[in-house]
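What follows is a short report on a single structure.
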2 protein chains.
Amino acid sequence: MTDRTVYFLSDGTGITAETFGNSILAQFAIKPRHVRRPFIDTVDKAHEVVREINGVAEATGQRAVVFATLVNKEVLAVVREHCQAQVLDMFGMFIVPLEEEFQLKSNHRVGRFGDAAKSQEYHERIEAINFSLAHDDGQSAKNLASADVILVGVSRSGKTPTSLYLAMQHGIKAANYPLIPEDFERGRLPDALKVYKAKCFGLTIDPDRLSQIRNERRPGSKYADFGNCRYEVAEAESMMKREGIAWLSSTHKSIEEIATTILRDIRPDRLIY
Amino acid sequence: MTDRTVYFLSDGTGITAETFGNSILAQFAIKPRHVRRPFIDTVDKAHEVVREINGVAEATGQRAVVFATLVNKEVLAVVREHCQAQVLDMFGMFIVPLEEEFQLKSNHRVGRFGDAAKSQEYHERIEAINFSLAHDDGQSAKNLASADVILVGVSRSGKTPTSLYLAMQHGIKAANYPLIPEDFERGRLPDALKVYKAKCFGLTIDPDRLSQIRNERRPGSKYADFGNCRYEVAEAESMMKREGIAWLSSTHKSIEEIATTILRDIRPDRLIY
């Protein structure tokens, strides 16, 4: 079934169509070829992509599946009428029942961002990215007061990607601060974090996975040694318990799952807006 | 119409449901309250969230709209049967036609990530984030050979957020390299980039927007001065033209739009997998 092709057609970036489409396709035991075709915003571009899709159908003997987020009715009509494909009109499927529910007509605005680049929300997102970069890996203890979240954990427990994801996706100012052997010897949190304990969240990780990741960076080092990793992780976990800091293991979780758990547990207000 | 509440219910993070739902809601001239409720993966949690949703409906006199990505049939049944809401079963709407098209039953797997944390794709994404961080702002010319994309442009033209987005969303190793006054005086690209011109992509920005952004960082500086910004942008644009580097203006574009345009123009292979 690898000769199936799934197209994601959009008059915007198609990222939303693709991400959502992939979560649907994950429900099937097949591995089709994926093709994203963004910015299909004119009838001409629609005809062009239809030719491509039909060419693939003829070459493989299998019609394609098309996930479409096309707001423009004429563009959509070209795709629906001329494609040798199962066309799933993702907007239409939802907009019709919502028009009825809201007793409102939809306004057929292309792209989900509009003039997003100028919006307050967008500005905050960029600011959050800058903040998270400036406060990566304990680089700066300045302005921790304005952090929404401070991730703590041993080196390579997943703090950096999680901080950046929280900033990029949710506009959360996420600092991150490493727990290092000196902290374990002193037996307490880094001083800079003391007053911010309520917004700290811990990440931990299985020592064998940690050792594997560290070995990719510094093969054969003490830093990457399994015994050392086991020591650091055990110390970090008992410190988090002692200090009453919420934490989770990143070992089997995606960045998205970690970020969502953090919001749910320490910033539930950010799931509502 | 601000007394409407839209819920995003998921047995996973709900991020996909929320992002897609927001692109649908953007088609309507209303601003409802948004509530994301992730990890609804048991019948008990379903009953709990149903009580919350019905409580809101009673308090406001308006039933809610629920975007649901619930794979578990029993969990979904609780929501469908007991919610005073318009429930949009996002999976069901697509899975039924796809089961017919593929002649396959779906496997009702919860969460779009599965054991994603262990997958090759996930590993590449984390590696890309590390690469982009290490190659932010021309920090290192080492390993530029293994970059997928190198963003160039004047300071604060949007290179950093775009690089991180490309890495995080698409697993693209995106370096970024600033164009600075010294480059304009010499009248040529930084030496480190010479051999990699084919994978360079330029970002430019309106000088007045640039001046505004730089003034937030260093108020009243020469760096932020409008005349200086106009000079740097004009020099950068003519350098990109001269060197034959594809470029776009980030002024009115979101990170997602910039990233998608870059992929389409210089790495179209990465839109297919």
- Sorted shortest first, the nm distances from the residue B:265 label point (7 Å along Cα→Cβ) to its counterparts in the other copies are 4.3
- Task: From the C-alpha gyration tensor of the stretch A:115-197, pull out the three semi-axes of the equivalent ellipsoid (sqrt of 5λ each), sorted largest to smallest, in whole Å.
- Result: 27, 12, 8
- Binning every alpha carbon pair distance of chain B at 5 Å from zero, what are the percents per bin? 1, 5, 10, 12, 12, 11, 10, 10, 9, 8, 6, 4, 2, 0, 0
- Evaluate peptide A:124-131: per residue, the Cβ atoms of other protein chains within 10 Å of its Cβ; return the mean as an integer. 2
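In debye, nearest 20, what is the charge dipole magnitude of the stretch B:53-182 about its Cα centre with +1 on Lys and Arg Cβ and -1 on Asp and Glu Cβ, if you could check? Provide the component values of the computation, followed by the final result.
On the way: 12 positive and 15 negative charges, 32 e Å.
Result for the stretch B:53-182 is approximately 160 debye, rounded to the nearest 20.
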- What is the calculated FRET efficiency for residue B:30 to residue A:22, with r their C-beta to C-beta distance and R₀ = 30 Å, to the nearest 0.05? 0.55
- Query: Within the stretch A:116-271, how many lysine pairs that are 8 or more places apart, or on different chains, have C-alpha atoms less than 23 Å apart?
  - Reply: 22
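Suppose we take every Cα in the protein assembly as shown and form the convex hull; what volume per residue is that in Å³?
Details: hull volume 94.3 nm³, N = 546.
Spread over its residues, the Cα hull of the protein assembly as shown gives 173 Å³ apiece.
Would you tell me the mean number of C-beta atoms belonging to other protein chains that fall within 10 Å of each C-beta in B:24-37, as a whole number? Don't skip to the end; give the middle numbers.
Numbers: counts 10, 6, 9, 14, 10, 6, 3, 0, 1, 2, 3, 4, 8, 4.
If you average over the peptide's residues, the count of other-chain Cβ atoms is 6.
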- Do any trypsin sites (Lys or Arg not before Pro) in the stretch B:174-273 lie in a DSSP loop with no more than 14 other beta carbon atoms within 10 Å, and if so, which? B:188, B:222
- Message: Taking the alpha-carbon distance from residue A:105 and a cut-off under 18 Å, which aspartates and glutamates remain once sequence neighbours fewer than 8 residues away in the same chain are dropped?
- Response: A:74, A:89
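When the dipole is taken about the Cα centre of the protein assembly as shown, and only Lys, Arg (+1) and Asp, Glu (-1) are charged at their Cβ, what size is it in debye, to the nearest 20? Mind showing how you got there, number by number?
Values: 72 positive and 74 negative charges, 164 e Å.
So the dipole magnitude of the protein assembly as shown works out to roughly 780 debye.
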- Cα point-scatterer Debye curve for the stretch B:56-155, base-10 log of I(q)/I(0) at q = 0.18, 0.20, 0.24 Å⁻¹: -0.91, -1.02, -1.26
- Using a cut-off of 12 Å between beta-carbons, work out the net charge of the residues near residue A:128 (Lys and Arg +1, Asp and Glu -1, residue A:128 not included). -1
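Looking at the protein assembly as shown only, what percent of DSSP beta bridges run antiparallel? Nearest 5 please. If you can, show how the numbers build up before the last one.
Working: 2 of 54 bridges.
For the protein assembly as shown, the DSSP antiparallel bridge percentage is about 5.
Based on Cβ point charges of +1 for Lys and Arg and -1 for Asp and Glu, what charge dipole magnitude is obtained for the stretch A:116-271 about its Cα centre, in debye rounded to the nearest 20?
Using only the charged Cβ atoms, the result is roughly 120 debye.
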- Find every distance from the label point of residue B:47 to the corresponding label point in the other copies (7 Å from Cα along Cα→Cβ) and write them in nm, one decimal, shortest first. 6.0
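Kirkwood Rh and Cα-based Rg: tell me the resulting Rg over Rh for the stretch B:156-197, rounded to two decimals. Before the final figure, lay out the partial values.
On the way: Rg = 12.4 Å, Rh = 11.7 Å.
Looking at the stretch B:156-197, the ratio lands at 1.06.
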- Task: Give me the angle, in degrees from 0 to 90, between the Cα long axis of helix A:90-102 and the longest principal axis of the Cα atoms of chain A, rounded to the nearest 10.
- Result: 90
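Taking R0 as 22 Å, what FRET efficiency do you get between residue A:241 and residue A:269 from their Cβ-Cβ distance, rounded to the nearest 0.05? Mind dumping the intermediate values first?
Details: r = 26 Å, r/R0 = 1.16.
After rounding, the FRET efficiency stands at 0.30.
Quote the total accessible area buried by chains A and B together, excluding ligands, DNA and RNA, probe 1.4 Å, nearest 100 Å². Intermediate results must be reported in sequence, preceding the final value.
Values: alone 15810 and 15810 Å², together 23230 Å².
Separately minus together, A and B give about 8400 Å² buried.
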- the stretch A:116-271 - convex hull of alpha carbons, volume per residue in Å³: 111
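Return the calculated 222 nm mean residue ellipticity for the protein assembly as shown, to the nearest 500 deg cm²/dmol, obtained by summing -39500 (n - 2.57) across DSSP H runs with n ≥ 4 and dividing by the residue count. Present the calculation step by step, with values, prior to reporting the outcome.
Values: 20 runs with 252 residues, N = 546.
Result for the protein assembly as shown, helices only: -14500 deg cm²/dmol.
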- Item | Accessible area of the stretch A:116-271 divided out per residue, in Å², using a probe of 1.4 angstrom | 42
- Report the trypsin sites (Lys or Arg not before Pro) located in the stretch A:124-164 that are in a DSSP loop and have at most 14 other Cβ atoms inside 10 Å of their Cβ, or state none. A:142
- Item | Estimated FRET transfer efficiency when R0 is 45 angstrom, pair residue A:103-residue B:218 (beta carbons, to 0.05) | 0.30
- Let me know the Rg and Dmax you get for the stretch B:5-102 when you use only its Cα atoms, in Å. 13.2, 45
- Query: Given a 1.4 Å probe and every protein chain left where it sits, what share in percent of the accessible area of the protein assembly as shown is carbon and sulfur?
  - Reply: 48
- Note the distances from residue B:30 to each other copy's matching label point, with points 7 Å along the Cα-to-beta-carbon direction, in nm, sorted shortest first. 3.6
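The values are calculated or read from the model by the stated rules, or taken from the named source; none is laboratory data. Being a predicted model, the structure only gives us computed values, none of them experimental. When we count neighbours, we look across all protein chains shown, and the Cβ atoms used for this are built from the backbone with ideal geometry, even at glycine. Side chains included, ligands, DNA and RNA excluded: accessible areas come from the protein's heavy atoms. Shrake-Rupley method; radii C 1.70, N 1.55, O 1.52, S 1.80 Å.
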